[in-house]
Amino acid sequence: MRLTWPVAFPALCAVGCAGEAATPTISADEFATHLEVLASDAYLGRGPGHPGGDMAVEYIRARFEEYGLEAVGGSYLQAVPMVGNTPDASSASLVFEGTRGTTAPTYLDGVVLNPGDREATAVDASAELVFVGYGIDAPEVGWNDFAGVDVRGKYIMILVNDPPAPPEEPSLFGGIAMTYYGRWTYKYEEAARQGALGALIVHETEPAGYPWSVVRTGFAGEQFALPLSAAQPRPAGLIGWVSLYAARAALATAGLDYDVLKAQAARRGFTAVETGITVSGSVVAATRRVDTQNVVGLVRGSERPDEYILLTSHYDHFGVGAPVDGDSIYNGAYDNASGTALILAMARALSDLDPPPARSVLVIATGAEERGLLGAERYVQAPLVPLAQTVAEINFDEANVWGETTDVTVFGEERTELGVYVRERAAELGLTIMPDPNPPVGTYFRSDHFPFARAGVPSLYIVHGWDFVGRPSGWGDSTRTAYTANDYHQPSDEIGPDWNYTGAVQEADLALRIILDLAATDTWPNWLEGQEFKAARDAMRESR
Ligand SMILES: [Zn+2]
(Lines give C-alpha, C1' and ligand atoms only; values in the text may rest on other atoms or scores of the structure.)
Protein backbone atom coordinates (compact mmCIF):
# COMPACT_ATOMS: atom_id res chain seq x y z
CA MET A 1 0.00 0.00 0.00
CA ARG A 2 1.32 3.39 -0.92
CA LEU A 3 1.24 5.98 1.79
CA THR A 4 -0.46 9.26 1.14
CA TRP A 5 2.34 11.56 0.13
CA PRO A 6 2.46 14.58 2.39
CA VAL A 7 3.98 17.74 0.98
CA ALA A 8 5.35 20.00 3.66
CA PHE A 9 6.59 22.53 1.16
CA PRO A 10 6.42 22.35 -2.62
CA ALA A 11 9.74 21.32 -4.02
CA LEU A 12 9.79 23.99 -6.70
CA CYS A 13 8.74 26.70 -4.34
CA ALA A 14 11.89 27.29 -2.33
CA VAL A 15 11.94 31.05 -2.87
CA GLY A 16 9.15 33.58 -2.81
CA CYS A 17 6.08 31.38 -2.61
CA ALA A 18 3.66 33.39 -0.52
CA GLY A 19 2.26 31.47 2.42
CA GLU A 20 4.66 28.56 2.03
CA ALA A 21 7.58 28.07 4.36
CA ALA A 22 10.93 28.05 2.59
CA THR A 23 12.98 24.89 2.67
CA PRO A 24 15.05 25.12 5.84
CA THR A 25 18.75 24.75 5.37
CA ILE A 26 21.95 24.77 7.35
CA SER A 27 25.13 26.61 6.47
CA ALA A 28 28.57 25.10 6.02
CA ASP A 29 29.88 27.81 8.35
CA GLU A 30 27.68 26.91 11.32
CA PHE A 31 28.51 23.25 10.82
CA ALA A 32 32.23 24.08 10.74
CA THR A 33 31.96 26.20 13.90
CA HIS A 34 30.37 23.40 15.93
CA LEU A 35 32.73 20.79 14.51
CA GLU A 36 35.86 22.83 15.22
CA VAL A 37 34.82 23.47 18.82
CA LEU A 38 33.80 19.90 19.64
CA ALA A 39 36.78 18.28 17.90
CA SER A 40 39.32 20.66 19.42
CA ASP A 41 41.96 19.45 21.88
CA ALA A 42 40.31 21.69 24.51
CA TYR A 43 37.37 19.26 24.57
CA LEU A 44 39.72 16.39 25.41
CA GLY A 45 37.99 13.84 23.22
CA ARG A 46 34.60 14.23 24.97
CA GLY A 47 34.98 11.20 27.24
CA PRO A 48 31.93 10.38 29.39
CA GLY A 49 32.48 11.22 33.02
CA HIS A 50 35.48 13.39 32.17
CA PRO A 51 35.80 17.20 31.94
CA GLY A 52 35.86 17.12 28.13
CA GLY A 53 32.57 15.25 28.05
CA ASP A 54 31.07 17.77 30.47
CA MET A 55 32.28 20.62 28.24
CA ALA A 56 30.57 19.04 25.24
CA VAL A 57 27.33 18.64 27.22
CA GLU A 58 27.43 22.31 28.20
CA TYR A 59 28.22 23.45 24.65
CA ILE A 60 25.25 21.51 23.24
CA ARG A 61 22.90 22.54 26.06
CA ALA A 62 23.79 26.20 25.55
CA ARG A 63 23.09 25.94 21.81
CA PHE A 64 19.68 24.34 22.44
CA GLU A 65 18.86 27.17 24.83
CA GLU A 66 20.16 29.82 22.42
CA TYR A 67 18.05 28.41 19.58
CA GLY A 68 14.92 28.36 21.71
CA LEU A 69 14.44 24.61 21.99
CA GLU A 70 12.39 23.62 25.03
CA ALA A 71 13.75 21.65 27.94
CA VAL A 72 11.63 18.53 28.54
CA GLY A 73 10.54 18.28 32.17
CA GLY A 74 12.52 21.38 33.05
CA SER A 75 15.97 20.15 32.01
CA TYR A 76 17.99 19.78 28.85
CA LEU A 77 19.87 16.89 30.45
CA GLN A 78 18.87 13.28 30.93
CA ALA A 79 21.08 11.45 33.40
CA VAL A 80 22.75 8.30 32.13
CA PRO A 81 24.04 6.44 35.22
CA MET A 82 26.89 4.08 34.45
CA VAL A 83 29.24 1.69 36.13
CA GLY A 84 32.83 2.28 35.04
CA ASN A 85 35.38 -0.51 35.27
CA THR A 86 39.09 -0.16 34.51
CA PRO A 87 41.12 -3.37 34.27
CA ASP A 88 44.66 -3.15 35.62
CA ALA A 89 46.89 -4.27 32.75
CA SER A 90 49.74 -5.26 35.06
CA SER A 91 47.49 -7.64 37.00
CA ALA A 92 45.75 -9.23 34.03
CA SER A 93 46.76 -12.65 32.86
CA LEU A 94 45.37 -15.48 30.82
CA VAL A 95 47.03 -18.89 30.62
CA PHE A 96 46.02 -21.86 28.46
CA GLU A 97 47.34 -25.22 29.60
CA GLY A 98 46.86 -28.32 27.48
CA THR A 99 48.44 -31.76 27.22
CA ARG A 100 50.96 -30.46 24.69
CA GLY A 101 52.02 -27.24 26.32
CA THR A 102 51.17 -23.94 27.89
CA THR A 103 50.74 -20.49 26.39
CA ALA A 104 50.03 -17.09 27.88
CA PRO A 105 49.26 -14.37 25.34
CA THR A 106 50.78 -10.98 26.06
CA TYR A 107 48.25 -8.63 27.58
CA LEU A 108 47.08 -5.95 25.12
CA ASP A 109 48.94 -7.53 22.20
CA GLY A 110 47.16 -10.88 22.34
CA VAL A 111 44.39 -10.54 24.89
CA VAL A 112 42.18 -8.00 26.64
CA LEU A 113 40.10 -8.95 29.70
CA ASN A 114 37.35 -7.43 31.80
CA PRO A 115 35.11 -8.56 34.62
CA GLY A 116 31.78 -9.43 33.00
CA ASP A 117 30.03 -7.84 35.95
CA ARG A 118 31.24 -4.26 35.69
CA GLU A 119 30.81 -3.83 39.44
CA ALA A 120 33.36 -6.60 40.22
CA THR A 121 36.80 -5.46 41.34
CA ALA A 122 38.67 -8.75 40.96
CA VAL A 123 38.13 -11.97 39.05
CA ASP A 124 40.32 -15.05 39.29
CA ALA A 125 38.85 -18.04 37.54
CA SER A 126 40.12 -21.38 36.23
CA ALA A 127 38.06 -23.82 34.22
CA GLU A 128 37.96 -25.99 31.13
CA LEU A 129 37.76 -24.37 27.70
CA VAL A 130 34.92 -25.26 25.33
CA PHE A 131 35.14 -24.14 21.71
CA VAL A 132 31.56 -23.13 20.86
CA GLY A 133 32.04 -21.99 17.26
CA TYR A 134 29.99 -18.85 16.63
CA GLY A 135 28.26 -19.14 20.02
CA ILE A 136 24.77 -18.76 18.54
CA ASP A 137 21.42 -20.09 19.69
CA ALA A 138 18.93 -19.12 16.94
CA PRO A 139 15.81 -21.29 17.29
CA GLU A 140 14.04 -19.65 14.32
CA VAL A 141 16.64 -21.05 11.93
CA GLY A 142 17.29 -24.25 13.84
CA TRP A 143 20.86 -23.41 14.80
CA ASN A 144 22.25 -24.02 18.29
CA ASP A 145 25.97 -24.06 18.95
CA PHE A 146 25.25 -25.00 22.57
CA ALA A 147 23.20 -28.13 21.77
CA GLY A 148 24.35 -31.12 23.77
CA VAL A 149 26.99 -29.28 25.75
CA ASP A 150 26.81 -27.72 29.19
CA VAL A 151 29.09 -24.70 29.44
CA ARG A 152 27.98 -23.66 32.91
CA GLY A 153 31.06 -22.79 34.93
CA LYS A 154 33.36 -23.13 31.91
CA TYR A 155 35.26 -20.85 29.58
CA ILE A 156 33.96 -20.59 26.06
CA MET A 157 35.92 -19.52 22.97
CA ILE A 158 33.70 -17.84 20.37
CA LEU A 159 34.24 -16.86 16.74
CA VAL A 160 33.43 -13.28 15.76
CA ASN A 161 30.55 -12.51 13.34
CA ASP A 162 27.95 -15.09 12.25
CA PRO A 163 28.55 -18.17 10.11
CA PRO A 164 29.03 -17.69 6.37
CA ALA A 165 25.91 -18.78 4.48
CA PRO A 166 26.41 -22.16 2.78
CA PRO A 167 25.52 -22.48 -0.95
CA GLU A 168 22.37 -24.46 -0.15
CA GLU A 169 21.14 -21.76 2.25
CA PRO A 170 22.34 -18.46 0.76
CA SER A 171 20.27 -16.26 3.04
CA LEU A 172 21.11 -18.05 6.31
CA PHE A 173 22.18 -15.46 8.89
CA GLY A 174 21.58 -12.66 6.40
CA GLY A 175 23.81 -14.08 3.67
CA ILE A 176 26.89 -11.88 3.56
CA ALA A 177 25.23 -9.29 5.80
CA MET A 178 25.84 -9.57 9.53
CA THR A 179 22.84 -10.33 11.73
CA TYR A 180 22.63 -9.44 15.39
CA TYR A 181 23.95 -12.95 16.12
CA GLY A 182 27.28 -11.74 14.73
CA ARG A 183 27.69 -8.81 17.08
CA TRP A 184 30.10 -9.14 20.00
CA THR A 185 27.40 -7.76 22.29
CA TYR A 186 25.21 -10.74 21.39
CA LYS A 187 28.09 -13.16 22.09
CA TYR A 188 28.43 -11.94 25.68
CA GLU A 189 24.65 -11.82 26.17
CA GLU A 190 24.38 -15.45 25.04
CA ALA A 191 27.34 -16.46 27.23
CA ALA A 192 25.44 -15.01 30.19
CA ARG A 193 22.26 -16.92 29.26
CA GLN A 194 24.29 -20.13 28.99
CA GLY A 195 25.91 -19.59 32.39
CA ALA A 196 29.51 -19.54 31.14
CA LEU A 197 32.24 -18.61 33.62
CA GLY A 198 34.39 -16.95 30.97
CA ALA A 199 33.79 -15.81 27.39
CA LEU A 200 36.63 -15.14 24.94
CA ILE A 201 35.92 -13.83 21.45
CA VAL A 202 38.53 -14.53 18.78
CA HIS A 203 39.39 -11.40 16.81
CA GLU A 204 39.84 -11.63 13.05
CA THR A 205 40.09 -8.39 11.14
CA GLU A 206 37.89 -9.21 8.18
CA PRO A 207 34.81 -10.67 9.90
CA ALA A 208 35.11 -8.19 12.77
CA GLY A 209 35.31 -5.28 10.36
CA TYR A 210 38.11 -3.56 12.27
CA PRO A 211 41.72 -4.27 13.23
CA TRP A 212 42.93 -5.49 16.64
CA SER A 213 43.91 -1.93 17.56
CA VAL A 214 40.21 -1.05 17.74
CA VAL A 215 39.58 -3.91 20.18
CA ARG A 216 42.55 -2.83 22.24
CA THR A 217 41.39 0.78 22.39
CA GLY A 218 37.80 -0.14 23.09
CA PHE A 219 38.27 -2.90 25.63
CA ALA A 220 41.55 -2.29 27.44
CA GLY A 221 40.50 1.02 28.94
CA GLU A 222 37.63 1.86 31.21
CA GLN A 223 34.49 -0.11 30.37
CA PHE A 224 31.01 1.13 31.06
CA ALA A 225 27.59 -0.42 31.47
CA LEU A 226 24.21 0.67 32.68
CA PRO A 227 23.57 -0.79 36.15
CA LEU A 228 22.30 -4.36 35.83
CA SER A 229 18.59 -4.72 36.33
CA ALA A 230 17.16 -7.63 38.29
CA ALA A 231 15.63 -9.01 35.09
CA GLN A 232 18.97 -9.51 33.31
CA PRO A 233 20.97 -12.76 33.57
CA ARG A 234 24.24 -12.50 35.46
CA PRO A 235 27.11 -11.95 32.99
CA ALA A 236 30.05 -14.33 32.64
CA GLY A 237 32.65 -13.65 35.32
CA LEU A 238 35.45 -12.89 32.86
CA ILE A 239 34.97 -11.63 29.33
CA GLY A 240 37.54 -10.66 26.76
CA TRP A 241 39.00 -10.93 23.30
CA VAL A 242 41.99 -12.91 22.08
CA SER A 243 43.87 -12.18 18.89
CA LEU A 244 43.81 -14.72 16.09
CA TYR A 245 47.44 -15.52 16.81
CA ALA A 246 46.71 -16.10 20.49
CA ALA A 247 43.69 -18.30 19.69
CA ARG A 248 45.78 -20.49 17.39
CA ALA A 249 48.44 -20.87 20.06
CA ALA A 250 45.86 -21.62 22.74
CA LEU A 251 44.20 -24.44 20.78
CA ALA A 252 47.57 -25.84 19.80
CA THR A 253 48.28 -26.59 23.47
CA ALA A 254 45.82 -29.46 23.00
CA GLY A 255 46.91 -30.31 19.47
CA LEU A 256 43.81 -28.63 18.03
CA ASP A 257 43.86 -26.68 14.76
CA TYR A 258 41.99 -23.37 14.73
CA ASP A 259 41.23 -23.48 11.00
CA VAL A 260 39.81 -27.00 11.22
CA LEU A 261 37.56 -26.06 14.14
CA LYS A 262 36.45 -22.87 12.40
CA ALA A 263 35.48 -24.81 9.27
CA GLN A 264 33.48 -27.27 11.38
CA ALA A 265 31.74 -24.41 13.19
CA ALA A 266 30.43 -23.01 9.89
CA ARG A 267 28.45 -26.18 9.18
CA ARG A 268 24.98 -27.12 10.38
CA GLY A 269 25.12 -29.75 13.08
CA PHE A 270 28.38 -28.45 14.52
CA THR A 271 28.95 -29.75 18.03
CA ALA A 272 30.89 -27.67 20.52
CA VAL A 273 34.32 -29.10 21.31
CA GLU A 274 35.43 -29.75 24.88
CA THR A 275 39.13 -29.02 24.41
CA GLY A 276 40.56 -30.40 27.64
CA ILE A 277 42.50 -27.14 27.92
CA THR A 278 42.47 -25.44 31.31
CA VAL A 279 42.16 -21.68 31.22
CA SER A 280 43.30 -19.58 34.14
CA GLY A 281 42.31 -15.97 33.89
CA SER A 282 42.57 -13.14 36.32
CA VAL A 283 42.15 -9.41 36.34
CA VAL A 284 41.92 -6.75 38.99
CA ALA A 285 39.82 -3.72 38.18
CA ALA A 286 38.97 -0.35 39.65
CA THR A 287 35.29 0.50 39.61
CA ARG A 288 33.37 3.71 39.98
CA ARG A 289 29.93 5.11 39.39
CA VAL A 290 29.88 7.63 36.58
CA ASP A 291 27.07 9.86 35.49
CA THR A 292 26.99 11.08 31.95
CA GLN A 293 24.14 12.75 30.15
CA ASN A 294 22.04 12.84 27.04
CA VAL A 295 21.38 16.42 25.97
CA VAL A 296 17.79 16.85 24.81
CA GLY A 297 15.92 19.78 23.27
CA LEU A 298 12.38 19.98 21.94
CA VAL A 299 11.11 21.83 18.89
CA ARG A 300 7.45 21.90 19.86
CA GLY A 301 5.00 21.01 17.13
CA SER A 302 2.33 23.51 16.20
CA GLU A 303 -0.55 21.10 15.56
CA ARG A 304 0.23 17.70 17.05
CA PRO A 305 2.84 18.52 19.68
CA ASP A 306 2.43 15.16 21.45
CA GLU A 307 3.63 13.25 18.38
CA TYR A 308 7.40 13.17 18.12
CA ILE A 309 10.11 12.67 15.55
CA LEU A 310 13.45 11.93 17.21
CA LEU A 311 16.76 13.16 15.83
CA THR A 312 19.86 11.64 17.40
CA SER A 313 23.63 11.73 17.12
CA HIS A 314 26.24 10.90 19.75
CA TYR A 315 28.54 13.60 21.08
CA ASP A 316 30.86 11.37 23.11
CA HIS A 317 34.14 9.81 22.04
CA PHE A 318 37.00 8.07 23.84
CA GLY A 319 38.45 11.04 25.71
CA VAL A 320 42.10 10.85 26.70
CA GLY A 321 43.78 7.47 26.38
CA ALA A 322 46.90 5.60 25.40
CA PRO A 323 49.09 7.89 23.28
CA VAL A 324 49.71 7.03 19.65
CA ASP A 325 52.64 8.89 18.06
CA GLY A 326 52.67 11.18 21.08
CA ASP A 327 48.98 12.14 20.85
CA SER A 328 46.73 11.03 23.69
CA ILE A 329 43.57 12.99 22.79
CA TYR A 330 41.02 10.93 20.90
CA ASN A 331 39.35 13.88 19.22
CA GLY A 332 36.73 11.90 17.32
CA ALA A 333 36.32 14.67 14.75
CA TYR A 334 34.57 12.54 12.16
CA ASP A 335 33.27 10.14 14.83
CA ASN A 336 31.28 12.01 15.97
CA ALA A 337 31.86 15.72 16.38
CA SER A 338 30.65 15.85 12.78
CA GLY A 339 27.27 14.23 13.49
CA THR A 340 26.79 16.38 16.59
CA ALA A 341 27.55 19.50 14.54
CA LEU A 342 24.99 18.34 12.00
CA ILE A 343 22.12 17.90 14.48
CA LEU A 344 22.97 21.19 16.19
CA ALA A 345 22.72 23.01 12.85
CA MET A 346 19.51 21.12 12.06
CA ALA A 347 18.09 22.00 15.49
CA ARG A 348 18.78 25.66 14.72
CA ALA A 349 17.13 25.38 11.30
CA LEU A 350 14.06 23.61 12.71
CA SER A 351 13.62 26.07 15.55
CA ASP A 352 13.77 28.98 13.07
CA LEU A 353 10.77 27.63 11.14
CA ASP A 354 7.68 29.80 11.23
CA PRO A 355 5.23 28.24 11.58
CA PRO A 356 6.88 25.36 13.44
CA PRO A 357 6.48 21.80 12.15
CA ALA A 358 3.07 20.27 12.85
CA ARG A 359 4.58 17.44 14.89
CA SER A 360 7.30 17.91 17.50
CA VAL A 361 10.95 17.15 16.86
CA LEU A 362 12.98 15.95 19.84
CA VAL A 363 16.72 16.44 19.28
CA ILE A 364 18.93 14.17 21.39
CA ALA A 365 22.72 14.43 21.50
CA THR A 366 23.40 11.03 23.04
CA GLY A 367 26.17 10.22 25.50
CA ALA A 368 28.24 7.05 25.89
CA GLU A 369 27.58 5.66 22.42
CA GLU A 370 31.17 4.51 22.17
CA ARG A 371 30.66 2.63 25.45
CA GLY A 372 27.96 0.42 23.98
CA LEU A 373 25.14 2.74 22.85
CA LEU A 374 24.46 3.40 26.53
CA GLY A 375 22.90 6.87 26.19
CA ALA A 376 20.44 5.58 23.60
CA GLU A 377 19.80 2.45 25.71
CA ARG A 378 19.12 4.63 28.72
CA TYR A 379 16.70 6.78 26.73
CA VAL A 380 14.82 3.69 25.54
CA GLN A 381 14.65 2.35 29.13
CA ALA A 382 13.41 5.73 30.43
CA PRO A 383 11.94 7.65 27.47
CA LEU A 384 11.25 11.36 28.01
CA VAL A 385 8.26 11.16 25.67
CA PRO A 386 6.34 7.91 25.08
CA LEU A 387 7.86 5.55 22.52
CA ALA A 388 4.31 4.80 21.37
CA GLN A 389 3.96 8.51 20.53
CA THR A 390 7.29 8.50 18.70
CA VAL A 391 6.72 8.55 14.95
CA ALA A 392 10.26 7.74 13.87
CA GLU A 393 13.85 8.05 14.92
CA ILE A 394 16.58 9.42 12.62
CA ASN A 395 20.24 8.97 13.56
CA PHE A 396 23.52 10.34 12.25
CA ASP A 397 26.93 8.96 13.13
CA GLU A 398 29.76 10.48 11.09
CA ALA A 399 28.53 13.33 8.89
CA ASN A 400 29.99 14.11 5.49
CA VAL A 401 33.26 16.04 5.69
CA TRP A 402 34.56 15.39 2.17
CA GLY A 403 32.15 17.26 -0.11
CA GLU A 404 28.96 16.69 -2.07
CA THR A 405 28.04 13.22 -3.26
CA THR A 406 25.75 11.73 -5.87
CA ASP A 407 24.61 8.99 -3.49
CA VAL A 408 23.50 8.27 0.06
CA THR A 409 23.02 5.19 2.22
CA VAL A 410 20.04 5.08 4.57
CA PHE A 411 19.93 2.10 6.88
CA GLY A 412 16.35 1.18 7.70
CA GLU A 413 14.73 2.55 4.54
CA GLU A 414 14.47 -0.99 3.18
CA ARG A 415 13.05 -2.30 6.48
CA THR A 416 10.37 0.29 7.23
CA GLU A 417 7.61 2.36 5.67
CA LEU A 418 9.93 5.33 6.21
CA GLY A 419 11.54 4.23 2.95
CA VAL A 420 8.75 5.95 1.00
CA TYR A 421 9.81 9.31 2.43
CA VAL A 422 13.51 8.65 1.93
CA ARG A 423 13.22 7.54 -1.69
CA GLU A 424 11.01 10.45 -2.74
CA ARG A 425 13.27 13.10 -1.24
CA ALA A 426 16.52 11.44 -2.30
CA ALA A 427 15.25 11.30 -5.87
CA GLU A 428 14.26 14.94 -5.72
CA LEU A 429 17.81 15.84 -4.66
CA GLY A 430 19.35 13.61 -7.32
CA LEU A 431 20.81 11.23 -4.75
CA THR A 432 21.06 7.55 -5.63
CA ILE A 433 20.28 5.35 -2.64
CA MET A 434 23.13 2.90 -2.32
CA PRO A 435 22.96 -0.31 -0.31
CA ASP A 436 25.13 -0.83 2.74
CA PRO A 437 28.70 -0.52 1.36
CA ASN A 438 29.98 -3.17 3.77
CA PRO A 439 27.18 -5.56 4.83
CA PRO A 440 29.46 -8.05 6.63
CA VAL A 441 30.41 -5.68 9.44
CA GLY A 442 26.87 -5.18 10.80
CA THR A 443 26.80 -1.39 10.74
CA TYR A 444 23.06 -1.57 11.41
CA PHE A 445 23.72 -2.75 14.98
CA ARG A 446 26.47 -0.29 15.75
CA SER A 447 24.95 3.10 16.29
CA ASP A 448 22.28 4.78 18.35
CA HIS A 449 19.29 4.08 16.14
CA PHE A 450 19.60 0.39 17.05
CA PRO A 451 18.26 0.49 20.64
CA PHE A 452 15.25 2.40 19.28
CA ALA A 453 14.81 -0.13 16.48
CA ARG A 454 15.06 -3.08 18.86
CA ALA A 455 12.37 -1.43 21.02
CA GLY A 456 10.14 -1.16 17.94
CA VAL A 457 10.48 2.49 16.89
CA PRO A 458 10.92 2.74 13.08
CA SER A 459 14.43 4.09 12.70
CA LEU A 460 16.69 5.43 10.00
CA TYR A 461 20.44 5.75 10.11
CA ILE A 462 21.50 8.18 7.41
CA VAL A 463 25.06 7.69 6.19
CA HIS A 464 26.46 10.03 3.58
CA GLY A 465 27.39 8.74 0.14
CA TRP A 466 30.85 7.84 -1.08
CA ASP A 467 30.66 8.91 -4.74
CA PHE A 468 32.06 12.42 -4.37
CA VAL A 469 31.35 15.09 -6.96
CA GLY A 470 34.56 16.12 -8.73
CA ARG A 471 36.57 13.17 -7.44
CA PRO A 472 37.68 10.21 -9.51
CA SER A 473 35.72 6.99 -9.27
CA GLY A 474 36.88 4.97 -6.26
CA TRP A 475 38.17 8.00 -4.34
CA GLY A 476 35.40 7.69 -1.76
CA ASP A 477 36.00 3.99 -1.22
CA SER A 478 39.73 4.50 -0.77
CA THR A 479 39.07 7.41 1.61
CA ARG A 480 36.77 5.22 3.71
CA THR A 481 39.22 2.33 3.71
CA ALA A 482 42.08 4.58 4.77
CA TYR A 483 40.00 6.16 7.54
CA THR A 484 39.00 2.75 8.93
CA ALA A 485 42.55 1.43 8.82
CA ASN A 486 44.34 4.50 10.19
CA ASP A 487 42.04 6.84 12.07
CA TYR A 488 38.89 5.03 13.29
CA HIS A 489 38.87 5.22 17.09
CA GLN A 490 42.45 6.55 17.06
CA PRO A 491 43.87 9.93 18.19
CA SER A 492 44.40 10.76 14.51
CA ASP A 493 40.63 11.16 13.93
CA GLU A 494 41.12 14.92 13.62
CA ILE A 495 39.91 17.60 11.23
CA GLY A 496 41.77 17.09 7.95
CA PRO A 497 43.24 19.80 5.74
CA ASP A 498 41.09 18.63 2.82
CA TRP A 499 37.77 18.63 4.67
CA ASN A 500 34.91 20.70 3.31
CA TYR A 501 31.33 20.83 4.43
CA THR A 502 29.19 21.16 1.33
CA GLY A 503 28.31 17.49 1.72
CA ALA A 504 27.10 18.06 5.29
CA VAL A 505 24.75 20.76 4.03
CA GLN A 506 23.47 18.34 1.42
CA GLU A 507 23.00 15.64 4.06
CA ALA A 508 21.03 18.01 6.33
CA ASP A 509 18.94 19.09 3.35
CA LEU A 510 17.81 15.51 2.76
CA ALA A 511 17.16 14.85 6.44
CA LEU A 512 15.24 18.08 7.03
CA ARG A 513 12.95 17.34 4.10
CA ILE A 514 12.28 13.83 5.45
CA ILE A 515 11.66 15.17 8.97
CA LEU A 516 9.27 17.86 7.77
CA ASP A 517 7.38 15.41 5.60
CA LEU A 518 6.99 13.13 8.62
CA ALA A 519 5.96 16.12 10.72
CA ALA A 520 3.31 17.20 8.20
CA THR A 521 1.63 13.82 7.86
CA ASP A 522 -0.60 12.15 10.41
CA THR A 523 0.42 8.62 9.44
CA TRP A 524 2.33 6.27 11.70
CA PRO A 525 4.97 4.46 9.64
CA ASN A 526 5.70 0.90 10.74
CA TRP A 527 8.22 -1.81 10.02
CA LEU A 528 7.55 -3.82 6.89
CA GLU A 529 5.98 -7.28 7.17
CA GLY A 530 8.47 -9.91 8.28
CA GLN A 531 10.78 -7.46 10.04
CA GLU A 532 11.86 -8.69 13.46
CA PHE A 533 10.96 -5.45 15.30
CA LYS A 534 7.43 -5.06 13.86
CA ALA A 535 5.77 -7.04 16.67
CA ALA A 536 7.14 -4.63 19.27
CA ARG A 537 5.83 -1.66 17.27
CA ASP A 538 2.39 -3.22 16.81
CA ALA A 539 2.17 -3.89 20.56
CA MET A 540 3.16 -0.38 21.58
CA ARG A 541 0.75 1.22 19.12
CA GLU A 542 -2.10 -0.97 20.34
CA SER A 543 -1.40 0.05 23.93
CA ARG A 544 -1.73 3.76 23.17
ZN1 LIG B 1 30.20 7.05 16.13
Within the range 155-181, which residues are under 26 Å from Ile239 (Cα atoms), among the hydroxyl-bearing types (Ser, Thr, Tyr) and assigned to a loop (DSSP other than H, G, I, E, B)? Thr179
Could you pull out the residue among Val422, Val391 that is assigned to a strand (DSSP E or B), away from the ligand (no atom under 16 Å from the Cβ), surrounded by 23 or more Cβ atoms within 10 Å (Cβ to Cβ) and not charged (D, E, K, R)? Val391
What's the total number of residues in the range 181-199 that are among the charged types (D, E, K, R) and surrounded by 22 or more Cβ atoms within 10 Å (Cβ to Cβ)? 2
Please find, within the range 301-333, the residue that is farthest from Gln223 (Cα to Cα) out of those that are surrounded by fewer than 17 Cβ atoms within 10 Å (Cβ to Cβ) and small (Gly, Ala, Ser). Ser302
Among residues of the range 386-411 being of a type in the set (A, V, I, L, M) and in contact with an Asp or Glu (Cβ under 8 Å, 6 or more places away or on another chain), the residue nearest to Pro525 (Cα to Cα) is Val391
Just to be sure, is Val111 of a type in the set (Val, Ile, Thr) and touching a Lys or Arg at 6+ places or on another chain (Cβ under 8 Å)? no
Residues that are more than 15 Å from the ligand (Cβ to nearest atom) and of a type in the set (Gly, Ala, Ser), drawn from the range 342-388: Ala345, Ala347, Ala349, Ser351, Ala358, Ser360, Ala382, Ala388
Failed item, numbered, when Ala341 is tested on (1) farther than 16 Å from Leu77 by Cα; (2) buried (at least 24 other Cβ atoms within 10 Å of the Cβ); (3) touching a Gly at 6+ places or on another chain (Cβ under 7 Å): (3)
Exactly one of Ala254, Ala225 is over 30 Å from Glu169 (Cα atoms), at pLDDT below 95 and outside the structural domain of Phe396 (by TED's automatic domain parsing), and that one is Ala225
Give me a count of the residues in the range 425-450 that are away from the ligand (no atom under 16 Å from the Cβ) and part of a helix (DSSP H, G or I). 6
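Do any strands (runs of 3 or more DSSP E) lying entirely in the range 50-135 carry at least 1 residues that are modelled with pLDDT of 95 or more and closer than 23 Å to Ala272 by Cα, and which ones are they?
Fully inside the range 50-135 and qualifying: 93-98, 101-103, 111-115, 122-131.
The values are calculated or read from the model by the stated rules, or taken from the named source; none is laboratory data. Computed from a predicted structure; not experimentally measured. Using ideal geometry, Cβ is built from the backbone for each residue, glycine included, and neighbour counts are taken over all protein chains shown.
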